[in-house]
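Since the structure comes first, as structure tokens, the remarks are kept for the end.
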Amino acid sequence: MDASSPAAAFPDVAPEALLALVRSVRQTGYSFTTVTPATHARVNARPANEHAKSLRDVLGWSRPFAPDLLPADLLATLERAGAATRQAGRLRPAVRLSSLDGELFLHSAYPPSAADAVFFGPDTLRFVSAVLGHLAQRETPVRRAVDIGCGSGAAGICIAKRTPEAEVSLVDINPAALRAAGVNATAAGVKNTRLLQSDMLNAVEGQFDFIVSNPPFMIDRGSRAYRHGGGPLGAGLSLRVVEAARERLAPGGSLVLFTGAAIVDGEDPFRQAAGVLCEEAGLTWDYREFDPDEYGEELDDPAYEEVERIALIVLTATRR
């Protein structure tokens with residue numbers, strides 16, 4: 001399969017059709033852990049993986065498949081959902097389904113090359129782990145929460161499951177992401193989420209007890225919404241999240257930001273800048289490296305010529 005083949009961001013169909021797909025796939029016992037695009041490319045490049053041989057190959061690995069691979073009723077559900085396109089006698093999946101927290105989450109098919117692709121990957125699992133770890137330690141209840149740049153809605157939905165009395169806003173500038181998040185919330189059975197199209201919190205009112213975000217943090221020449229962080233070494237959006245949080249955190253409220261930091265000559269410019277923002281607002285903050293070295297392949301890009309490593313970090317800030 002050509003790893004450079006374009007894929008639609010996310011089907012623009014009735015949510016009921018996509019929900020029917022999720023429920024039908026769940027009944028099969030399907031599960032899939034989505035890997036990084038780099039790993040996905042390597043695994044799919046193996047000669048034996050040119051075409052799908054199972055449902056996991058279709059909806060996990062995004063491999064083209066013959067129409068008779070799937071049961072007729074499931075194939076019909078897939079096509080009604082706009083989740084497969086026909087090409088030269090075979091079909092190509094237009095979505096993926098990934099497992100997390102006992103749920104299945106819809107997101108964009110591989111490769112996520114569209115500018116408005118809905119991303120879900122290993123960082124999603126890391127992000128949710130950090131969010132739920134903090135949530136379990138909170139001493140006060142969450143009444144209002146928001147997931148900024150929610151993508152598939154994974155973190156916000158996991159919060160909503162554990163705080164059924166709270167209002168949880170799933171916020172994204174990308175309409176495709178909001179379509180996916182809406183279906184995923186319904187599929188997970190949560191009733192306390194709301195979808196809002198917004199750049200950061202510009203279209204959202206009020207204060208929040210819990211703000212979470214996993215913004216893009218790469219330098220992406222294609223400026224894909226799910227990947228391009230902008231600003232210095234990709235830190236632009238992450239700094240905007242800190243700025244938004246320091247204005248909108250309620251007393252006792254916390255921010256959990258999961259992002260990447262480009263390390264230059266042993267120094268972390270993002271940590272320095274984020275720390276200043278937190279301290280100026282009187283926030284108590286904690287900063288830790290979740291993983292000291294990820295996305296090493298990105299360092300071949302000339303834009304990273306001064307960067308020695310990209311660390312995954314968790315910044316927690318609290319208004320006391």
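Each value in this text was obtained by applying a stated rule to the coordinates, not by laboratory testing. Small disclaimer: the values here were computed from a predicted structure and weren't measured. Virtual Cβ from ideal backbone geometry, glycine too; neighbours counted across all protein chains shown.
Things worth noting here:
- For the stretch 124-145 versus the stretch 162-217, the inter-centroid distance based on Cα atoms is 14 Å.
- Taking 7 Å steps out from each Cα toward its Cβ at R143 and K191 produces label points 2.2 nm apart.
- Normalised by the number of residues in the stretch 88-184, the mean separation of alpha-carbon contacts (under 8 Å, six or more apart) gives a relative contact order of 26 percent.
- If you model the stretch 15-108 as an ellipsoid using its alpha carbon gyration tensor, with each semi-axis the square root of five times an eigenvalue, the axes come out at 20, 17, 11 Å, biggest first.
- FRET efficiency estimate (nearest 0.05) - Cβ-Cβ, R46 to A88, R0 22 angstrom: 0.55
- Values of log10 I(q)/I(0), in the order q = 0.10, 0.13, 0.16 Å⁻¹, for the stretch 1-160 under a Debye, Cα-only, solvent-free model: -0.38, -0.62, -0.91
- Considering only V35, C158, L19, the residue lying farthest towards the positive end of the dipole of the chain is L19, judged by Cα position with unit charges set on Cβ.
- Selection of trypsin sites (Lys or Arg not before Pro), the stretch 158-234, meeting DSSP coil and at most 15 other Cβ within 10 Å: K191, R221
- For the chain, the membrane-span-like helix rule (DSSP H, alpha carbon extent of at least 15 Å along the helix axis, mean Kyte-Doolittle at least -1.0) picks out 15-27, 122-137, 175-188, 236-248, 269-280; this says nothing about an actual membrane.
- Two-decimal log10 I(q)/I(0) for the stretch 210-320, as the Debye equation yields it once each C-alpha is a single scatterer, q = 0.19 Å⁻¹: -0.92
- Computed magnitude of the charge dipole of the stretch 57-209 (debye, nearest 20; Cβ of K, R +1, Cβ of D, E -1): 260 debye
- Among C158, C150, the order by Cβ neighbours within 10 angstrom, fewest to most, reads C158, C150.
- Projecting the Cα atoms of Q197, V276, M218 onto the charge dipole of the stretch 122-318, computed from C-beta unit charges around the Cα centre, puts Q197 farthest toward the positive end.
- Dividing the mean sequence gap of close Cα pairs (under 8 Å, 6+ apart) by how many residues the stretch 122-318 holds gives a relative contact order of 17 percent.
- In this Cβ point-charge picture (+1 for Lys and Arg, -1 for Asp and Glu), the stretch 15-108 has a dipole of about 300 debye about its Cα centre.
- For the stretch 176-252, dividing the convex hull volume of the Cα atoms by the residue count gives 111 Å³ per residue.
- The order of S169, S113, S54, going from fewest to most other C-beta atoms within 10 Å of their C-beta, is S54, S113, S169.
- Around the Cα centre of the chain, unit charges on the Cβ atoms of Lys, Arg, Asp and Glu (plus for the first two, minus for the last two) sum to a dipole of about 1340 debye.
- Plainly put, the stretch 100-219 has a radius of gyration that is 0.94 times its Kirkwood radius, both from alpha-carbon atoms, as the Rg/Rh ratio.
- Reduced Cα scattering model of the stretch 233-298, Debye log10 I(q)/I(0), q = 0.17, 0.29 Å⁻¹: -0.63, -1.53
- Fewest-first sequence of V128, V95 by Cβ atoms within 10 Å of each Cβ: V128, V95
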